[in-house]
Amino acid sequence: MSRERTYIMVKPDGVERGLVGEIIKRFEQKGYKLQALQALQPSRQHLEQHYGDLKDKPFFPKLVDYMLSGPVVGMVWEGKDVVRVGRVMLGATNPLASAPGTIRGDYAIDVGKNICHGSDSVENAEKEIALWFPNGTLQYTRSVDKLIYE
Ligand code: UDP
Ligand code: MG
């Protein structure tokens, strides 16, 4: 079975709006396995590193200020194709282009308040997990996997 992992983060607007449980619930109910979970107020430097690939974009300063506006809840989910499927579950970057049934499609309107982050590749996921969880994540087996995977 694939050991693919992704980094999902509820952004400050999602935390303040009480959507942490809803976002966790969707990944849990899908069958993905939780490997790490933390609430924290990240520093500007940490966020600039997380979004380093976007530092030349015009929206970068606004994005960092948005992400600094309150605590975030970060998590690591493991499972088959979880990076790609996690982004499908989040919906499009612009919530107005996100299908109903996705997290952004159901709970957000503006791109600068789109409530959640999800890694965009397996390679970036591992970089983000190392940045946010430098002490590592849980490793455990679940008996329920035999009811989720064929
Ligand atoms: N963003 C923005 N304006 C834009 C594009 C992106 O404010 O025109 C913000 C938005 O919050 C997005 C984040 O920057 O989630 C990171 O952008 P990216 O292109 O990586 O989108 P994502 O991977 O989050 O869908
Ligand atoms: Mg991205």
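The values are calculated or read from the model by the stated rules, or taken from the named source; none is laboratory data. Not measured: the values here are computed from a predicted model. Neighbour counts run over all protein chains shown; Cβ positions are idealised from the backbone, glycine included. Each accessible area value is taken on the protein alone, full model and side chains, heavy atoms only, with ligands, DNA and RNA left out. Shrake-Rupley method; radii C 1.70, N 1.55, O 1.52, S 1.80 Å.
For the condition among the charged types (D, E, K, R) and either farther than 30 Å from LEU147 by Cβ or open to solvent by 10 Å² or more (accessible area, probe 1.4 Å) (or both), GLU126 qualifies. Residue pairs whose Cβ atoms lie under 9 Å apart, separated by 6 or more positions or on different chains, with the first residue in region 12-40 and closer than 23 Å to TYR66 by Cβ and free of Cβ contacts under 8 Å to residues at least 60 places away in the same chain and the second open to solvent by 40 Å² or more (accessible area, probe 1.4 Å) and in a strand (DSSP E or B), are VAL15/ALA39; VAL20/ALA39; ILE24/LEU34; ILE24/LEU37. Inside region 34-59, residues that are within 16 Å of ligand 1 (Cβ to nearest atom), surrounded by 11 or more Cβ atoms within 10 Å (Cβ to Cβ) and of a type outside the set (Asp, Glu) make up a count of 12.
ARG3 meets all of the listed conditions (1) within 16 Å of the chain's Cα centre (by Cα); (2) closer than 30 Å to VAL144 by Cβ; (3) away from ligand 2 (no atom under 16 Å from the Cβ) but one, namely (1).
One residue is enough: does region 140-150 have a residue meeting the conditions assigned to a helix (DSSP H, G or I), over 16 Å from the mean Cα position of the chain (by Cα) and exposed (fewer than 12 other Cβ atoms within 10 Å of the Cβ)?
Keep residues of region 140-150 that are assigned to a helix (DSSP H, G or I), which gives 145-148.
Restricting the remaining residues to those that are over 16 Å from the mean Cα position of the chain (by Cα) gives 145-148.
If we keep only those that are exposed (fewer than 12 other Cβ atoms within 10 Å of the Cβ) too, we end up with 146-147.
Yes - at least one qualifying residue is present in region 140-150.
Look at ASN114 and say whether it is open to solvent by 20 Å² or more (accessible area, probe 1.4 Å), modelled with pLDDT of 95 or more and within 12 Å of ligand 1 (Cβ to nearest atom). No. The test for being within 11 Å of ligand 1 (Cβ to nearest atom), small (Gly, Ala, Ser) and under 21 Å from ASN124 (Cα atoms) holds for ALA92.
Remark: pairs (first residue in region 59-77, closer than 21 Å to THR6 by Cβ; second residue in a strand (DSSP E or B) and of a type in the set (D, E, K, R); Cβ separation under 8 Å; 6+ apart in sequence or on different chains) = VAL76/ARG5; TRP77/ARG5; TRP77/LYS33. Residue-level check: of (1) more than 16 Å from ligand 1 (Cβ to nearest atom); (2) under 20 Å from ILE109 (Cβ atoms); (3) assigned to a strand (DSSP E or B), MET9 misses just (1).
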